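Just passing along the structure, written as structure tokens.
Any read-out appearing in this document is the output of simple, stated calculations on the displayed coordinates, not a laboratory observation. Remember, it's a predicted structure, so these values are computed and weren't measured experimentally. Reconstructed Cβ throughout: ideal geometry from the backbone, glycine too, with neighbour counts over all protein chains shown.
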Amino acid sequence: MTAMSLSNVNKSFGDVKVLRDINIDVEEGEFVVFVGPSGCGKSTLLRIIAGLEDATSGDVHIAGTQVNDTPPSKRGIAMVFQSYALYPHLNVRKNMSLALKQERQSKDVIEARIAKASAMLNLDDYLDRYPSELSGGQRQRVAIGRAIVREPKLFLFDEPLSNLDAALRANTRLEIANLHDALKTSMIYVTHDQTEAMTLADRIVVLRDGRVEQIGTPMELYNNPVNRFVAGFLGSPAMNFIPAGFLNDGDTRTLGLRPEALQISDGGALHGTVQHVEQLGGDTNVIARIKDVQFSARLFGQHAIEQGQTIQFGFNPDQLFYFDNAGARLYDETSARE
């Protein structure tokens, strides 16, 4: 069953078009991540699904029902915001129960749902505390718990980890993944962070300038990007883009090569001057330069490499990607030379 579908959705603010002919289906129980740079339209798209914005044209269906004119409270969705949006004068228990009270749920139902959500999110010790007495991670868990108790058809997350530090982001990301496994409810998650997208999603929707660039599983997009934008957006460090002529093969197009595909090799095809070295313990990132082009290599383990050193890198030609001058993917070396 399709949990949510967008059909030919467009959105304009005056003369400014922010979404262009969006078509997306989210299946029952699926975790879908909208990812893209700032200004690509991903949060606006989420707000249209939630009913907080109206589409200029197109249709939104949730659980098979068109909801274009349905208010947010009647759409069967629950939304978790970047800012937590907790009521400071209410404790955790009351923050989580407020929407249920507004729905006139019975006391027994409210208590049962709060107990279930609190146990899932390890909030039992904090139910009588106020938001000011909680850490950022705890506040975000309360915001997620407030969504869980509503038992929605669809969860919407709008950059929920952006206000957390790196360690809390990693922990909360795992909690959200475990939550999805436990609830089996469809989730749509917006982020600009490709790591969150790669680690959480069943499928990723990559957006740019209000358009869908590609939809697929994390590994489909990583291994088979349709264009240079998708190839460069997913992966850390990002894919290297090198003029094909640097390899002296006469091509006029651009080559893509992921940093982990490079290995130090005497006589390697790429000769660069080391600009910076990132010693990460388990890995070593080397940033080097050929003429005016900077590229990165991700090497397994620890390496004694110094700034200013001339270094040679080799690679397997089967790991090369080819792109034309407009950024479209070319699928073999022959087409790259045409």
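Any chance you could give the angle, 0 to 90 degrees and rounded to 10, that helix 166-183 forms with the longest Cα principal axis of the chain?
60 degrees
Continuing with this model, one more query. Which FRET efficiency value, to the nearest 0.05, do you get for Thr310 and Thr217 by plugging their Cβ-Cβ distance into 1/(1 + (r/R0)^6) with R0 = 30 Å?
0.15
A further question on this structure: Quick one: 3J(HN,Hα) in Hz for the range 87-104, Karplus 6.51/-1.76/1.60 with θ = phi - 60°, rounded, Gly and Pro as x.
The phi angles translate into 7, x, 8, 10, 6, 4, 4, 6, 4, 6, 8, 4, 4, 5, 5, 5, 7, 6 Hz.
222 nm [θ] for the chain, helices only, -39500 (n - 2.57) per DSSP H run of 4+, per residue, to 500?
Taking each H run of at least 4 residues, the total per residue is -7500 deg cm²/dmol.
Something else about it: Suppose every K and R has +1 on its Cβ and every D and E has -1 on its Cβ; what is the size of the dipole of the range 103-162 about the Cα centre, in Debye to the nearest 20?
Value, rounded to 20: 180 debye.
Can I ask one more? Residues in the range 137-167, backbone N under 15 Å from the label point at Lys116 (7 Å along the Cα-to-beta-carbon vector): list them, ranges by number please.
From the range 137-167, the list is 145-155.
Given a cut-off of 23 Å, name the pairs among Lys116/Lys153; Lys107/Lys184; Lys101/Lys184; Lys74/Lys184; Lys17/Lys184 whose C-alpha atoms lie farther apart than that in the structure shown.
As for pairs spanning more than 23 Å Cα to Cα, those are Lys107/Lys184; Lys101/Lys184; Lys17/Lys184.
Related question: How compact is the range 241-337 by the rule of thumb for globular proteins, expressed as Cα Rg over 2.2 N^0.38 Å?
1.10
Something else: Among the DSSP beta bridges whose two residues both lie in the chain, what percent are antiparallel, rounded to the nearest 5?
75 percent
Quick one: divide the alpha-carbon radius of gyration of the chain by 2.2 N^0.38 Å and tell me what you get.
Taking the Cα Rg and dividing by 2.2 N^0.38 Å, one obtains 1.17.
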